[in-house]
Amino acid sequence: MNIAILLDPLDHLKIYKDSTFAMMEEAARRGHALYVFEQHELFVRDGGVLATIRRLHLTGDHTHWYRLDATEVRALADFDAVLMRKDPPFDMEYLYSTHLLDAAQRQGARVVNHPQALRDFNEKLAILRFAEYITPTLVTREPEQVREFLAEHGDVILKPLDGMGGMGIFRLKLDDPNLGSILETQMQQGAQTVMVQRYIPDIVNGDKRILIIDGEAAPYCLARIPKQGETRGNLAAGGRGVAQPLSERDWTIARALGPQLKAEGLLLVGLDVIGDYLTEVNVTSPTCFREIMDQTGFNVAAMFVDALERAMP
């Protein structure tokens, strides 16, 4: 296959832990040709969706790990697969890119994950589709409703709808002297919508990332365990990643959601589960391949490339 990958600048990738690099390494090992481009290199001319793109060669040297051929302009429909691996934030430029990728699909490109699904599945709000698996949850832009929810549950987590890596997440208790200030800052006096959820004490055992590939769960998840004194388990917030087999409850959630996610055109999804509860559905650029592979020996990248090969006629 010829695989085009829309991603962040190559020099920004930390290849020792990057999931996109793990995918590329496995695909190259099988003889697939890799091409890369960045968001600003995607464009439309005379109705055709094109990219200024370069052939990528992996060198095997972890210091100088890639070599690029000269740039060329190619139609995305010329490739066997187009992987959307641009990291969040999901800002307006990301949104515009999904519209251009939609147009490319109409011209014959095969895009993973499906651009429409990337728009439909806000990584926080998507859990509302699966309400039977979530903790009590409030979505609002009214500070007074947050106060009422906090009074009911006593201990809650407040998060923005567009955050990543644990940014902007607060744990609130009834006696928090900064409650008013936090609500003003995060909700911008009623101008910003937030999600509030009952605190899940099982966070001490980790915020588990479960990878769903072509509707099926990888058998190991990565439990991201908060550092001392921290509520957030995100690796970007200092959490420690521990790979472990899926629990019975993890399998229940994965088997219930997997077929639905596949039907939406989501080949790769990262479910976040704390204790018994689904907390996020990550679709933009799910990670944790490398940590699971290194700690368990299970080849998540091979499972993904297997699915990609099946999906491309």
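The values are calculated or read from the model by the stated rules, or taken from the named source; none is laboratory data. Only a predicted model underlies this, so the values are computations on that prediction, with no experimental measurement involved. For neighbour counting, all protein chains shown are included, and Cβ atoms are generated from backbone atoms with ideal geometry for every residue, glycine included.
Quick notes
- Any hit, segment 134-147, residues being under 26 Å from P259 (Cβ atoms) and either part of a loop (DSSP other than H, G, I, E, B) or touching a Phe, Trp or Tyr at 6+ places or on another chain (Cβ under 8 Å) (or both): yes
- Considering residues of segment 26-63 that are among the basic types (K, R) and outside any loop (DSSP other than H, G, I, E, B) only, the residue farthest from the chain's Cα centre (by Cα): R45
- In segment 239-250, the residues that are surrounded by fewer than 18 Cβ atoms within 10 Å (Cβ to Cβ) and in contact with a Gly (Cβ under 9 Å, 6 or more places away or on another chain): R240, V242, Q244, R249
- From the list R232, R129, R171, the one residue that fits, being under 25 Å from D250 (Cα atoms), of a type in the set (D, E, K, R) and part of a strand (DSSP E or B), is R171.
- Yes/no for A223 being at pLDDT 95 or above and under 27 Å from K17 (Cα atoms): yes
- Count of segment 76-104 residues, restricted to those that are in a helix (DSSP H, G or I) and among the hydrophobic types (A, V, I, L, M, F, W, C), is 8.
- Given (1) over 30 Å from P160 (Cα atoms); (2) in contact with a helix residue (DSSP H, G or I) (Cβ under 9 Å, 6 or more places away or on another chain), index of the condition K17 fails: (1)
- Picking from residues in segment 59-103 that are crowded, with 16+ Cβ neighbours inside 10 Å and of a type in the set (K, R), the one that is farthest from S285 (Cα to Cα) is R74.
- Candidates V156, V111 - the one that is crowded, with 16+ Cβ neighbours inside 10 Å, closer than 23 Å to L211 by Cβ and in contact with a helix residue (DSSP H, G or I) (Cβ under 6 Å, 6 or more places away or on another chain): V111
- Considering segment 188-223, and only residues there that are among the β-branched types (V, I, T) and part of a loop (DSSP other than H, G, I, E, B), the residue that is nearest to I292 (Cα to Cα) turns out to be I200.
- Where N113 falls short, out of the listed (1) in contact with a Gly (Cβ under 8 Å, 6 or more places away or on another chain); (2) within 23 Å of Q188 (Cα to Cα): (2)
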